[in-house]
Each structure stands twice: as structure tokens, then as C-alpha cells.
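The values are calculated or read from the model by the stated rules, or taken from the named source; none is laboratory data. Note that the coordinates shown come from a computational prediction; the quantities given were computed from them, not determined experimentally. Here the Cβ positions follow ideal geometry from the backbone for every residue, glycine too, while neighbour counts run over all protein chains shown.
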There are 2 protein chains.
Amino acid sequence: MADTTPLILITNDDGYAAKGINTLIEVAREMGDVIVMAPEVNASAKSHSLTTAMPLRARQMWSAGRQQRDGRLLNTVTVYACNGTPTDCVKLGAEHFTPRRPDLVLSGINHGSNASINVIYSGTIGAALEAVTNGYAAIGFSLLDHHADADFTPCLPYVRQLVQYVLANGLPDRVGLNVNFPRATHAPYKGVKVCRSAQASWTDSFERRDDPHGQPYWWLTGTFVCNDNVPDTDQWALEHDYVSVVPLRPDYTDHQAINLLKPLEQ
Amino acid sequence: MADTTPLILITNDDGYAAKGINTLIEVAREMGDVIVMAPEVNASAKSHSLTTAMPLRARQMWSAGRQQRDGRLLNTVTVYACNGTPTDCVKLGAEHFTPRRPDLVLSGINHGSNASINVIYSGTIGAALEAVTNGYAAIGFSLLDHHADADFTPCLPYVRQLVQYVLANGLPDRVGLNVNFPRATHAPYKGVKVCRSAQASWTDSFERRDDPHGQPYWWLTGTFVCNDNVPDTDQWALEHDYVSVVPLRPDYTDHQAINLLKPLEQ
């Protein structure tokens, strides 16, 4: 008899040992067999970057068989740590470390917001979109709390619901989901809003300091500026204690601007 | 009297010493004063990644004043090398190394294609889109030839035309241009096509090898698979010897999918 247990590949950008990914593993194990391929160290803000100048390694960190816990079935899990980026992890994991094509790719739960313009910098979302370009259903999860010991408890029923929905229904072709949760102090959440990414930017990006030799260096800091937190955006949803779900497509083309720029063909 | 010479910030992902960026500097100097902030070493495939765990440094590598050459005015140029990513370079350059807000940000000319799905991995395009998120007009240029000594000659009149167009007309709000050139052996080019990014992916991504101790490692390789090279795409334009121009917006939202996924709000 064929094994019909769903196969779920998980990665993140905070590293395999982070609380967020271990939270996600525990929820995903209720619904399928889990393979984890995640960065061995923090790889935040790696966006969609690839490792081209050195080879990748993967080490098995731990694994567990099927078991019952609290009346729930927990399926198998095998965790690998990789020296590459989150995007590398998805490619390597899906091609060489899964017994068959995964049914779903999950990324997160990230410690910190990936709403609005953060999408384009995020390793968590880079990984989810890499899965999408390769034809997988994929979800990136993030909590608006960057602390190492952040409280993910209020996320759990929503993660469960969204994973079940996507396993049952799939997603539109070449679309992935970007899911963000308000921090736990704002729970209980009011529900889910399906919305668009708010337009925003990071400004005043650096703090200049001088080293002990009088030479300058610059630390990345930055201020998040969003003048677009209207009700159809993720930023608005999060500020009003909703879980935001934004469908993402790995294509930056501005189709309306194509016609505006046709004069360039002359 | 105010200086009305345009101010142009230039970066790339191949590093400040690459032939492509030096070609771009020479063309841009005909039209404005140029500040270059580019990676000190190769930073290809860095996408939109940011450097968060260490500070940035910038070293001035060379500069030149206004001069005439071949009857053309060449404006000032100052070149800095930075230890950060292309995205870092745009942020640091625009905020701390330009005398005023740049009129235009250019990235490239990249050695190698940034058409189709390559957009999402590219440091060249990551830099151009970083400029767009901060409200600058921006263009990324790439040649479909990754050799260090690639021939950029046939690109020059098109680079000149596109820079002049954008300096004179600007671009639609929050839109940047992704310009790709067929390799020089396909010149003279047939003209410009304004088009969309072709849907594609990279598959079979790794070559597995064993190290001298019998331990496995994986090198990124990959095969470009595009089943979408129809006439409105950049891939089709390039395969038919046109220069491709794709308007890009730094927003992955799939607006059509929002309605399809509204059931998630129940």
C-alpha cells in the first residue's frame, strides 16, 4: 500500500536550532512526514541569494520516528543543517534529501516581520518563493517578534489551519503564501485577512562610527516608513491584530508599465 | 549658479573592477557626474541581501575630474569599493557618499543574463530595485555573456539612449527597468522590445562530489528551463536579437490570487 502521508519540507532563515522552526516542525508533524533542511547559522536578510563560490554541505542533526503524543499522531522528522542560504536549502533539500517530491514546502516561523517591503530582503520568503518557482506549494510564516524566546503559541491554530487548507486544496499556479502574525501580546487574533503587501521602504539606513584607528564604518540600522497602511494591506491587518496572508508570485514585472514604456521601442 | 549636471550613482554585482561597470561608467560620464559604490569582490547571486552582522567599509579607489575626450565632455567620477552586497552599496552610496540626492541609479553592466527568473537571484537587479524602493529612477543592465572580457560595444548606443530617456522623462512611480542585451556575436541588435519577464526555473541544481575523506558535498550547477518564450517575453526578445526592457516593481503580490484565497478568511 502506498504511503499517503503528506511529505513536508521545512526551512527557515534563523537557523535549524531556532525556536520558530522547531515550533513549525511540531505542528507540521501532526499532518505529515517532515524533512528539515535549514541553515546551520543565522541567515536573515539573505533574500533569494545563492551560494555559487563554494560547495554545500549538509549534516544530519536529529531525527525521530512516528509516535503518539497527547492523543495526536506525530510523524517522522529528520533535520539537516546546511552551510548555504535558505534558497540553497530548498533546492538541496527538495532535490537530494527527500525520498520523493514534497507535497508542501514551509519556511519559518521567522522571528520578526516579513510584511510589506520586508518580503524582498527576507531569507524566509526567498526560500518559499524558490519552492514556488520549482512548482511546489509553499508558505512562509513570520511572527512580529524578533526575540529568540518569542511566544509562538497564538500562531499554532492558524498554522495548522493554513497547512491543512493548502494540503487539501493546493494553491493557484506559481503562487506562495506570506503569512505574518502579530506578536503574542496582541492575541487572541481577530482572524485572517487575505491582502496585498503594503508599499514601504527602509530609510536612514546606517549609523556611522569610527574604529580605534579613526577610520569610519557603517552599521545597518534603518527606519521603516510605510504610508500605505490602508485596509487592503498586510501592514494594516497586522496593526489591527489580524493574521495577514499575502499571495506572492515570483515575478516583478509591472504589466501596466509595459504599455507606458512602449515609446522606447522607437 | 546651480549645477544642473545630472548626478548618477552606479553599482553592480561583479565588483568595482569588472569590465561591465567600467563600460557603464564611461557612458554615464557623458551625461552626468558619476559616483560609484560597488562591491570590492564578486557578489553575484546575492539577490536583495543585506549585511546585518558586520559593519560596512568603503574605500575610494580612483577619481577623475571633468575632461574632453574625442569631442565629448566627460564629467567627474569617484569610485568606492565596499565590503557589502549590491543592495548595501545602493543604500550606503545614496545616503552617505553623494553630495545630493542622485537623479538616477544604474546597476551593471552585468556579465551574464538577468532575464526571466534570473531577476530574483541577481545582485544587479537587487541593487536597482533597492533604488526603486527608495524613490530613485533606476536601470539594471546585463549582457548575455559571462566572460570577464565580454564585448560590450554593441550595448553602448542603447545604454546611452535609455539613460538619456530616463533622465529626460523619468519612470513610472516605483518602477525600474531591467535591460538585457544579446551577446555581441548577435549584433547588430534589431531594436528594443518592452516586455514581461518569462516564466522559468533552474532545475537539476547540484553536482554531488565526494571530498578526499569520502564525505559528500554539492556544487550549484543547474539547467535553465523556460517553456514561456512567447513574443511578449524577454526571453523571446533576446533569442530573436532584440534588446529586452522589462519594467519591474518591487512587489511580489499576486492581486488576482487575493480573491481566490478569500475563503481563508472564514
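The table below lists the values:
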{"read-out": "Identity of the residue in segment B:105-140, away from chain A (no Cβ under 11 Å) and in a helix (DSSP H, G or I), that ends up nearest to the chain's Cα centre (by Cα)", "value": "B:T124"}
{"read-out": "Those residues of segment B:93-118 which are out of contact with any helix residue (DSSP H, G or I) (no Cβ under 7 Å at 6 or more places or on another chain) and closer than 21 Å to A:H48 by Cβ, in sequence order", "value": "B:G112, B:S113, B:N118"}
{"read-out": "Unmet criterion (only one of (1) farther than 27 Å from A:L144 by Cβ; (2) crowded, with 24+ Cβ neighbours inside 10 Å; (3) aromatic (F, W, Y)) for A:Y16", "value": "(1)"}
{"read-out": "A:V36 being of a type in the set (V, I, T) and closer than 18 Å to A:S142 by Cα", "value": "yes"}
{"read-out": "Residue selected from segment B:165-191 under the condition surrounded by 22 or more Cβ atoms within 10 Å (Cβ to Cβ) and over 30 Å from A:A198 (Cα atoms), by the criterion nearest to the other protein chains (Cβ to nearest Cβ)", "value": "B:F181"}
{"read-out": "Any hit, segment B:199-212, residues being charged (D, E, K, R), at the interface with chain A (Cβ under 9 Å from one of its Cβ atoms) and closer than 27 Å to B:P6 by Cα", "value": "no"}
{"read-out": "Residue count, segment B:102-156 (criterion: surrounded by fewer than 21 Cβ atoms within 10 Å (Cβ to Cβ), out of contact with any Ser or Thr (no Cβ under 9 Å at 6 or more places or on another chain) and closer than 25 Å to B:D228 by Cβ)", "value": "0"}
{"read-out": "Restricting segment B:217-256 to residues that are of a type in the set (A, V, I, L, M, F, W, C) and surrounded by 22 or more Cβ atoms within 10 Å (Cβ to Cβ), the residue that is farthest from the other protein chains (Cβ to nearest Cβ)", "value": "B:L238"}
{"read-out": "All positions within segment A:163-206 that are hydroxyl-bearing (S, T, Y) and modelled with pLDDT under 95", "value": "A:T203, A:S205"}
{"read-out": "Qualifying residues in segment A:18-45 (those that are within 14 Å of chain B (Cβ to nearest Cβ) and not in a loop (DSSP other than H, G, I, E, B)) - the one farthest from A:D103 (Cα to Cα)", "value": "A:P39"}
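Residues checked against (1) in contact (Cβ under 8 Å) with a residue 12 or more places away in the chain; (2) part of a strand (DSSP E or B); (3) aromatic (F, W, Y):
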| position | (1), (2), (3) |
| --- | --- |
| B:S142 | yes, yes, no |
| B:D149 | yes, no, no |
| B:Y158 | yes, no, yes |
| B:V163 | yes, no, no |
| B:L167 | yes, no, no |
| B:L171 | yes, no, no |
| B:N180 | yes, yes, no |
| B:P188 | yes, no, no |
| B:Q199 | yes, no, no |
